[in-house]
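The values are calculated or read from the model by the stated rules, or taken from the named source; none is laboratory data. Note that the structure is a prediction, hence the values are computed from the model and not measured. Every residue, glycine among them, receives a Cβ derived from its backbone with ideal geometry; neighbour counts consider all protein chains shown. Side chains included, ligands, DNA and RNA excluded: accessible areas come from the protein's heavy atoms. Shrake-Rupley method; radii C 1.70, N 1.55, O 1.52, S 1.80 Å.
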Amino acid sequence: MSDLLLLSEAQMRRIEGYFPLSHGVPRVDDRRILSGILFVIRNGLRWRDAPAGYGPHKTIYNRFIRWSRLGVFNRIFAELARDGDGVLMIDATHLKAHRTAASLLKKGLLPRCIGRSRGGLTTKLHVLCDGRGRPLRLHLTEGQRSDHKGAEALVKIMPEAERLIGDRAYASRWFRKTLADRGIAACIPPHRSHKVQNCYDKNLYRQRHKIENLFARLKDWRRIHTRYDRCADIFLAAITFAAIFLFWI
């Protein structure tokens, strides 16, 4: 066990209160199983290839699926990422879908959030982060969807803020008006084709690299950089778990 990657005791103390209570037979140690989940997602492994030191691979997989469907990771993320610092940043990135995720694409009751874009079959991850580059809100769409479709969803759950930084993809009048109605100043460069060239703070706009760094860190996790999960809710749970570990504990 000494050679295995394990969540620290301090990290576990921050999140252990959100786990469901165990009934009947005591379950396998949460710290060991969560560390196994982390190891699989970070290294892009099949669940069956998880090192035996983390416990039975079926237990690791079943625990991840069950807690994902129960919304455990969503609750942890929502609580830890509840408040921002007055500055928001918005952007989106494409995540390549592996052929195993894209199989049976048209079957099932729930949307898969996999579409065809220039990069092939992809999923688009839309993110709101704070001024330190820590994710606050996450949303998935098909890869060919415009950034504004993601923005429409994120606006509904956007925390209070003083300013929002975005690139030209968010320079529409609708989005600017939505921000103004909420008392949020937009730091978004205008399109050259727009008749009204809105001013923006160029010094503040330079901070946008932080959300690009956020995407880079998330994509270091191989099961996020390449999507293997067929179900969008399970894939989003994997992204959420990675975001919790990387930025909030």
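Of note:
- Springs between Cα atoms under 10 Å define the GNM used for the chain, and in it the highest mean-square fluctuation of GLN144, GLN11, GLN197 occurs at GLN197.
- Lys, Arg +1 and Asp, Glu -1 on Cβ, resulting dipole of the stretch 1-158 about Cα centre, debye, nearest 20: 780 debye
- Using a Förster distance of 30 Å, the FRET efficiency for LEU4-HIS148 (Cβ separation, nearest 0.05): 0.10
- Apolar share of the accessible surface for the stretch 1-56: 52 percent from carbon plus sulfur atoms, 1.4 Å probe.
- Heavy atoms of TYR61 accessible to a 1.4 Å probe, total area in Å² rounded to 10: 90 Å²
- Label point distance in nm, LYS219-LYS156, each placed 7 Å from Cα along Cα→Cβ: 2.8 nm
- In a simple Cβ point-charge model (Lys, Arg +1; Asp, Glu -1; nothing else charged), the stretch 127-213 has a dipole of about 220 debye relative to its Cα centre.
- Placing unit charges on each Cβ (+1 for Lys and Arg, -1 for Asp and Glu) gives the chain a dipole about its Cα centre, and among ILE90, TRP248, GLN144 the Cα reaching farthest toward its positive end belongs to GLN144.
- Label point distance in nm, ASP85-ARG168, each placed 7 Å from Cα along Cα→Cβ: 2.9 nm
- Of the accessible area of the stretch 125-241, computed with a 1.4 Å probe over protein heavy atoms only, carbon and sulfur atoms account for 46 percent.
- Accessible area per residue, Å², the chain with all protein chains present, probe 1.4 Å: 53 Å²
- What the Cβ-Cβ distance of ASP181 and GLU212 gives, at R0 = 35 Å and to the nearest 0.05, is a FRET efficiency of 0.80.
- Listed residue pairs exceeding 23 Å between alpha carbons, taken from LYS177/LYS210; LYS124/LYS210; LYS124/LYS202; LYS177/LYS202: LYS177/LYS210; LYS124/LYS202
- Solvent accessible area, Å² - ASP29, 1.4 Å probe, full protein context: 80 Å²
- With the simple model of a label 7 Å out from the Cα in the direction of the Cβ, SER193 to LYS58 spans 5.7 nm.
- Acute angle (nearest 10 degrees) that the helix 30-43 long axis makes with the longest principal axis of the chain, alpha-carbon atoms: 60 degrees
- Nearest-10 value in Å² for the accessible area of THR141, using the 1.4 Å probe: 10 Å²
- Estimated FRET transfer efficiency when R0 is 41 angstrom, pair ASN203-LEU246 (beta carbons, to 0.05): 0.90
- Cβ-based charge dipole, the chain, positive-most Cα from MET158, ILE41, SER193: SER193
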